[in-house]
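**Q** Handing you a structure now.
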Amino acid sequence: MRGAAGRALGHREAAAASEGPAGAAHHNTAADPEADGREEGGDAHGEGDGTRATRRDYGAMMKWAVHSVAERRHYKNRGSAVYGYWWQFPAHILFVIIWYFLIVTMFPIAQISDAKRGLEFFVGSVEFTRPGGAKGTFDTASTAYETVQFAGAFVERLLAFDNKVPDVGPGIPFLDVHQLVNSIVLVQRRVKATDCAYDDVKPIYRKCYEDLEEHEQKEGVVRLNSGQEIAYSRRLGGFGVELPLNKETALAGFNQLLKGGFWDGATREFAIRFAFHNSPGHFTANVDISFDYSPFGRVDRNILSTFMRFEPYAPEVGGVMVFTLQIVVCVSVLAFFSLYCWMIYDQPHVRYSVARFVNAWELVELFNYIVIVLIGIMWILYLNDPRRRYKDFTSPEYQDIFPLANYFQQIIFLMAVILLTWTLRSIGLASWCSPKLERTGAIIDKVLEEFTVFGIIFFVIFMGFVLAGHVLFGTNEDRFNGIQPSAFTLFTWFVSVSNGHRNTMDAPGGALYMFAFVLIGMVLLFNMFIALVMSAHDSVAEEEANPKQKIPACHVMADAICDLLRVPKYVEDPLRMQVPDFVSSSAKLNASKSEDP
């Protein structure tokens, strides 16, 4: 659409330039055959000296010259407020590369991946004794009692090398390469007892312990059978107890909690938290092994580990490189943002500036700048956080660095988002590099423009299958036990990167459901999307073959906004002016002359 409008204008400008002022006068008279007749045969009063006609010709020539200059400025952007320069695309790609190196310098991805795999294997290898004498593991713990037994075995296994590897250091080693720091925390979230049973079942169901969302207990104390009181801690987010990094003392404390009834029917979430440091990788990890107890008997298990660097500018972690890359990024972002603001300002009218601002690619770029500013603010807050500045790895007390590590991971997550969205923004700039890339960019623009209607149809059909799948299979399949899991499952099926189709067909109604989903959800919708892309390609090719001036969507939206705000009209808007078509005007002039007796 942009290229077709630009090429159409280019032909018109080239014709005007080749003919010069005389050509301008000729086209002006072509638009007014009556004036041409006056020039050739004198005016209506019989004055044949041509003085009046000549004066009108010079006025038209001057007006057209001024109009041509204005057109060149208005159409330097190929017929709309959206224009760019060829060097923007390689500059954005270079920025993506610099941004990536900044992330991997701040966050050692490969080393952390190895640490996570080792942690997961360690947790999965811990065994406990289940009722009946069988051995159980983390993945097989299916009741609250079994999760507590696992917690005891895990604490014992975690502190198994208490002061037995002196060559590593005076601390407690973990997996032979890490060092445990501070303490181990056992924390649980509880609910208040309610009276929810029918009167007929109250003799056997005197108290109800419902879900956390509406009945969580966030104050008071838990009084154990031994008389020990455990108060609610806002810092830990529940009722927590710290165990020292000493095997005998920690196990004694754990057994005391077990005998005192720390875990009961009111427990809805239980977590084991600990931290370790790795000097070869210069990162610190916080581990949260949690168990969620549903009021309906389900037990969910999860291992969450977050990693961070306390000293990102230390020489041992390449701090100079991190600081240098951050300076380069700041300067680059400032330069890009200045150009972004200038291109919005450098428009012939306020309506064009608004059109540039509401363009989809420009909104993506604005989103990038906002997120980058947010990342900068979060990074400054992280560096000045007291928990980072006044850390003490030798303290026997829990340092509460789990929220800090989670905060660091959020920064890395936002940086990864920028890595993706900045790359997407670069696609919109590729069209200014060459005609071939311009055509590809026009096809992408057309697909996005036409995707709105298709997206509505896709969403309606897809959500119908999501809701039906949840109702039909939610009781038997974990992947359908909620709206979100159902949507994720069907989406992976839609792109054919998951399994489980055969099991679903065995459920009641499963065969009909799978037949409908494959026929409508996969075959029909997927081929509709392919047809949408092919239609966009054909539409762009047709516009290139038959150039027509079409108002871009961003200008339509900008006019709606400006009309609402009562912004004055752009009288000489080149997108809405009837620009003379020199070829057709000449043909009309010749036809009128041939008909004149």
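The values are calculated or read from the model by the stated rules, or taken from the named source; none is laboratory data. None of these values were measured; they are calculated from a predicted model. FYI the Cβ positions are ideal-geometry reconstructions off the backbone, even for glycines, and counts take in every protein chain you see. Heads up: the accessible areas ignore ligands, DNA and RNA and are worked out on the full protein's heavy atoms, side chains in. Shrake-Rupley method; radii C 1.70, N 1.55, O 1.52, S 1.80 Å.
**Q** Tally up the carbon and sulfur contribution to the accessible surface of the range 319-467 as a whole percent, 1.4 Å probe, everything protein left in place.
**A** 77
**Q** Using the basic label-point model (7 angstrom from Cα toward the beta carbon), what is the Val453 to Glu397 distance in nanometres?
**A** Roughly 6.7 nm, to one decimal.
**Q** Based on alpha-carbon atoms only, what is the radius of gyration of the range 203-251 relative to the globular estimate 2.2 N^0.38 Å?
**A** Cα Rg divided by the expected 2.2 N^0.38 Å: 1.53.
**Q** Right, next: Please list the radius of gyration and Dmax for the range 260-334, considering alpha-carbon atoms only, with Å as the unit.
**A** Answer for the range 260-334, Rg first and Dmax second: 20.4, 61 Å.
**Q** Given a 1.4 Å probe and heavy atoms of the protein chains only, how would you sort Cys554, Cys330, largest accessible area at the top?
**A** Sorted by accessible area, descending: Cys330, Cys554.
**Q** From the phi of every residue in the range 105-115, what ³J(HN,Hα) in whole Hz does the Karplus formula 6.51 cos²θ - 1.76 cosθ + 1.60 yield, where θ is phi - 60° and glycine or proline is x?
**A** Values per residue, Gly and Pro as x: 6, 7, 9, x, 5, 5, 5, 5, 4, 4, 5 Hz.
**Q** Something else: How are the C-alpha pair distances of the range 175-310 spread across 10 Å bins, as whole percents from the shortest bin up?
**A** 11, 34, 32, 16, 5, 2, 0
**Q** Next question. Sorted by packing (mean other beta-carbon atoms within 10 Å per residue), highest first, where do 290-302, 238-250 land?
**A** Ranking, from highest mean packing down: 238-250, 290-302.
**Q** In the range 301-360, what chymotrypsin sites (Phe, Trp or Tyr not before Pro) fall in a loop by DSSP, with at most 15 other Cβ atoms inside 10 Å?
**A** For chymotrypsin sites (Phe, Trp or Tyr not before Pro) across the range 301-360 that sit outside H, G, I, E and B with at most 15 neighbouring Cβ atoms in 10 Å, the list reads Tyr313.
**Q** Distance from a point 7 Å along Cα→Cβ of Asp563 to each backbone N in the range 332-358: keep the residues under 18 Å and list them by number.
**A** Flagged as within label range: 350-356, 358.
**Q** Of the peptides 224-233, 396-405, how do they stack up when ordered by the mean number of other Cβ atoms within 10 Å, highest first?
**A** The densest-packed peptide leads the list: 396-405, 224-233.
**Q** Moving to a separate point now. What FRET efficiency comes out for the pair Ala468/Val417, r = Cβ-Cβ distance, R0 = 41 Å, nearest 0.05?
**A** 0.80
**Q** Something else about it: Taking 51 Å as R0, compute the FRET efficiency from the Cβ-Cβ separation of Lys436 and Asn255 and round it to 0.05.
**A** Here the calculated transfer efficiency is 0.10.
**Q** Can you give the alpha-carbon Rg of the range 387-518 over 2.2 N^0.38 Å, where N counts its residues?
**A** 1.64
**Q** Taking every alpha carbon pair in the range 392-447, what does the distance histogram look like in 10 angstrom bins from 0, in percent?
**A** 20, 25, 18, 14, 11, 9, 3
**Q** Related question: Give me the Kirkwood hydrodynamic radius of the range 244-379, using the inverse of the mean 1/r over all pairs of distinct Cα atoms, in Å to one decimal.
**A** 20.8
**Q** Of Lys436/Lys569; Lys218/Lys247; Lys218/Lys259, which sit over 27 Å apart, Cα to Cα?
**A** Lys436/Lys569; Lys218/Lys247
**Q** Can you work out the accessible area per residue across the range 386-447, with the rest of the protein chains kept in place, probe 1.4 Å, in square angstrom?
**A** Here the residues of the range 386-447 average 48 Å² of exposed surface.
**Q** Given a 1.4 angstrom probe, what's the average accessible area per residue across the range 213-266, in square angstrom?
**A** 58
**Q** Oh, and also: For the range 351-453, take N as its residue count and report Rg(C-alpha) divided by 2.2 N^0.38 Å.
**A** 1.62
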